[in-house]
Each structure stands twice: as C-alpha cells, then as structure tokens.
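The values are calculated or read from the model by the stated rules, or taken from the named source; none is laboratory data. Note that the structure is a prediction, hence the values are computed from the model and not measured. Cβ sites come from the backbone with ideal geometry, for glycine too, and all protein chains shown count toward neighbours. The area values use the complete protein model at the heavy-atom level, side chains included, leaving out ligands, DNA and RNA. Shrake-Rupley method; radii C 1.70, N 1.55, O 1.52, S 1.80 Å.
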Amino acid sequence: MEKEVGNGCSSLAYKLLFSCPFGLSQPQLSAVFDESYDRIPHSDSNLENSTSQIWDQRVQKNGSLFNGKKFRYGGYSQKSGDGSKKESYVCLHLGLTDYRTFVGTNLNPSWEKFLVASEDDPTQCRHTSSPLGNGAIVETSDQKIVLLQRSNNVGEFPGHFVFPGGHPEPQEVGIETHEYCKCSKDSELVNKKVSQEMFESIIREVVEEIGVPATSLGLEC
C-alpha cells in the first residue's frame with residue numbers, strides 16, 4: 001500500500017507492488033540496469049537544492065553517516081511461464097542512485113512534494129531516490145524468528161526492531177557509473193551480475209548482521 005500524500009496519488013497507507021507467495025528462484029528473477037531508470041531531478045530548484053541541505057544537516061548531527069551507491073527501483077515487468085504451474089517471471093528495472101539522495105528526497109521533511117500525481121508507481125516516484133532494499137526472515141532451528149535492533153547512529157529508523165537486511169550493492173558487481181555497461185555485450189553481462197546480486201546480497205546481510213556462517217543457512221526463496 002501507499003501513504004496518502006494529499007495530491008491525488010493514493011488514499012492507502014502502503015501499496016504492495018508485487019506478491020509471490022511461493023517465492024522466486026534465481027532463474028525466475030532478472031534485472032535490467034539502465035540510466036533510463038535513474039531519478040529525474042525536480043523542476044523546482046528550491047526543492048531540488050534542499051536535498052543537499054538535508055544531507056548536510058544530517059551529517060553535521062551524525063558524523064557516522066556516509067554516502068554510497070545504491071540501485072534505484074524503477075519498476076518491474078512480469079510474465080507467466082508456459083508450463084502447467086504458470087510460474088511467474090519478474091524483471092526488475094533498476095537505475096543508479098546513492099544514500100545521500102535517498103536522505104535528501106525520501107527522508108526529506110517535504111518528501112510529499114517530490115511525488116507526482118499518478119497511479120503508476122515509477123511515474124509517481126520519478127523524483128525520489130527510491131533505493132532498492134532487501135530483507136530476510138530468519139527462522140532458527142528451534143522455530144524462533146530473528147529480529148535485530150537498529151543502532152541509534154543510523155540515518156533512518158534508529159533504535160527500531162527490524163528483520164536482517166540492507167541493500168544490493170552496485171560496487172559488488174563493479175558498478176560506479178553507467179559508463180560500465182554502454183555496449184550491448186557489457187550490458188548483458190552487467191544485467192546477469194545484477195540479477196545474481198539480488199540473491200547474494202541478502203546472504204551477505206544475514207551473515208554480517210547475525211554472525212552466522214553462510215554454510216549454516218538453509219535458503220528458501
């Protein structure tokens with residue numbers, strides 16, 4: 001569901017963009033990484049300039065914050081398989097953003113002004129950073145669910161209890177800019193690496209945040 005913003009976008013608190021009760025295996029998930037899915041700067045120069053101001057204010061209050069590249073969610077496409085089970089195949093549309101822009105747009109006190117009146121989510125959020133995150137539900141062998149308490153030094157939801165998670169990282173697949181994948185062969189290779197990163201990143205997050213070895217994890221999509 002999606003938070004009501006007062007500009008005709010939605011009357012719901014949140015919107016579930018896609019539901020897949022049985023999960024997606026790696027062959028069922030792909031990604032297209034392209035600059036056409038990057039954030040579009042807002043035409044209001046004052047609002048746009050506020051993104052830097054918000055970041056600078058946050059850093060002054062919390063010196064542990066640092067900027068880093070993130071994949072930007074720009075939508076998805078879906079199709080069904082031809083088999084009897086009618087499996088779903090999902091393609092993520094991803095651009096490039098960073099944590100600084102996330103803090104300056106999505107966490108901006110005036111974040112509602114960045115939204116566009118549209119029922120189409122990528123259009124509605126075309127001026128926001130919208131970094132792609134991930135999360136895992138970790139169940140122990142004695143059927144307990146693991147929750148973590150966030151540090152008070154993080155930029156968002158300090159002290160809150162959350163599932164293990166974070167973000168797929170562009171740097172893990174060698175991406176700093178879009179120049180990395182200009183030709184068609186490079187683009188195809190990058191898309192495969194990005195797709196794989198969607199799965200590998202959550203394993204890293206669980207291992208790093210909980211401290212268990214990857215070999216002890218039984219994975220379910």
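Can you tell me the length gained on complete extension of the stretch N152 to K192, counting 0.36 nm per residue apart and subtracting the Cα distance?
Length gained, N152 through K192: 10.8 nm.
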Check your understanding: Which FRET efficiency value, to the nearest 0.05, do you get for V207 and Q143 by plugging their Cβ-Cβ distance into 1/(1 + (r/R0)^6) with R0 = 25 Å?
Key -> 0.75
**Study point:** Carbon/sulfur fraction of accessible area - the chain, other protein chains in place, 1.4 Å, %
**Key:** 52
Review point. Over the heavy atoms of W111, what accessible area does a 1.4 Å probe trace out, to the nearest 10 Å²?
Key: 70
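Scan the chain and report its longest stretch carrying no GluC sites (Glu not before Pro) that are both in a DSSP loop and have at most 12 other Cβ atoms within 10 Å.
Segment 1-118 is the longest.
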**Study point:** Sequence-separation-based contact order of the chain, relative, with Cα cut under 8 Å and 6+ spacing, percent
**Key:** 21
Point to revise | Average accessible area per residue (Å²) across the chain - probe 1.4 Å, nucleic acids and ligands excluded | key: 61
Review point. For the residue pair K61 and S45, what label-to-label distance in nm results when each label sits 7 Å from Cα along the Cα-to-beta-carbon direction?
Key: 2.8
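What is the gain in length, in nm to one decimal, between T123 and E172 on full extension, counting 0.36 nm per residue of separation less the C-alpha to C-alpha distance?
14.8 nm
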Exercise for review: With N denoting the number of residues in the stretch 26-216, provide Rg(C-alpha) divided by 2.2 N^0.38 Å, to two decimal places.
Suggested key: 1.12
